[in-house]
1. State which residue pairs qualify: first residue under 18 Å from Asp108 (Cβ atoms) and inside the stretch 1-19, second residue part of a helix (DSSP H, G or I) and not hydrophobic (A, V, I, L, M, F, W, C) in any location, beta carbons under 7 Å apart, and separation of 6 or more residues or different chains.
2. Can you say whether Asp100 is free of Cβ contacts under 8 Å to residues at least 40 places away in the same chain, out of contact with any His (no Cβ under 6 Å at 6 or more places or on another chain) and of a type in the set (Asp, Glu), as far as the supplied structure shows?
3. List the residue pairs whose Cβ atoms are under 9 Å apart, where the first residue sits in the stretch 104-125 and is without any contact (Cβ under 8 Å) to a residue 40 or more places away in the chain, the second is in a helix (DSSP H, G or I) and surrounded by fewer than 19 Cβ atoms within 10 Å (Cβ to Cβ), and the two are 6 or more positions apart or on different chains.
4. Given the structure, is Thr99 in contact with a strand residue (DSSP E or B) (Cβ under 8 Å, 6 or more places away or on another chain), within 21 Å of Glu9 (Cβ to Cβ) and among the hydroxyl-bearing types (Ser, Thr, Tyr)?
5. Within the stretch 45-65, does at least one residue satisfy the condition of being of a type in the set (Lys, Arg), surrounded by 14 or more Cβ atoms within 10 Å (Cβ to Cβ) and at pLDDT 95 or above?
6. Under 8 Å between Cβ atoms, which residue pairs at least 6 apart in sequence (or on different chains) link something in the stretch 26-50 that is small (Gly, Ala, Ser) with a partner that is surrounded by fewer than 11 Cβ atoms within 10 Å (Cβ to Cβ)?
7. More than 30 Å from Arg2 (Cβ to Cβ) and touching a residue at least 40 places away in the same chain (Cβ under 8 Å): does that describe Trp92?
8. Anything in the stretch 107-127 that is surrounded by fewer than 15 Cβ atoms within 10 Å (Cβ to Cβ) and out of contact with any Gly (no Cβ under 7 Å at 6 or more places or on another chain)? List them, or say none.
Amino acid sequence: MRDSIKEYEAVEAAALKFVKSVAEGDSRPARELFTDDAVLFGFLDGKLERGSIEQFYRNVDAVGGGAGFKARVDVVAVEETMAVVRVLEEGWGGRIDFTDYLLLLKIDGEWKCVAKAYNQNSDTVRR
């Protein structure tokens with residue numbers, strides 16, 4: 001069942017914590033979004049990253065978004081206790097474009113991210 005617009009807005013607000021962290025190079029807002037046991041999967045410059053969300057935090061804190069960083073949040077689906085969000089990123093660290101998918105669950109009335117999977121656009125891979 002599709003949920004109300006109000007819930008879509010709540011999911012978007014939660015996902016914007018992710019964007020804020022990446023844009024500012026500060027993992028603190030994202031730490032409010034992700035559960036402690038959240039996982040990530042994706043390839044960064046051709047190398048598989050998988051496991052704890054802590055790797056994402058380290059990347060964000062080390063690199064920062066950069067002056068030309070842009071992002072767009074698309075709430076793909078909200079189904080009562082589950083949501084899927086796509087985040088398009090351009091210019092992370094001044095050179096990388098990503099497409100991220102975030103899987104959120106509504107836990108104790110709050111939207112929390114339990115998994116992040118991403119694709120680095122092939123034209124931004126440094127080999």
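1. Pairs that qualify, where the first residue is under 18 Å from Asp108 (Cβ atoms) and the partner is part of a helix (DSSP H, G or I) and not hydrophobic (A, V, I, L, M, F, W, C), are Lys17/Pro29; Lys17/Glu32.
2. The answer is no for Asp100.
3. Lys106/Glu7
4. No; evaluated as a whole, the condition is false for this residue.
5. No - not one qualifying residue is present in the stretch 45-65.
6. Once the first residue is small (Gly, Ala, Ser) and sits in the stretch 26-50, its partners that are surrounded by fewer than 11 Cβ atoms within 10 Å (Cβ to Cβ) give Gly42/Leu48; Gly46/Arg127.
7. Here the answer is yes, as Trp92 does meet what is asked.
8. Answer for the stretch 107-127, where residues must be surrounded by fewer than 15 Cβ atoms within 10 Å (Cβ to Cβ) and out of contact with any Gly (no Cβ under 7 Å at 6 or more places or on another chain): Ile107, Asp108, Gly109, Glu110, Asn121, Ser122, Asp123, Arg126.
The values are calculated or read from the model by the stated rules, or taken from the named source; none is laboratory data. None of these values were measured; they are calculated from a predicted model. Every residue, glycine among them, receives a Cβ derived from its backbone with ideal geometry; neighbour counts consider all protein chains shown.
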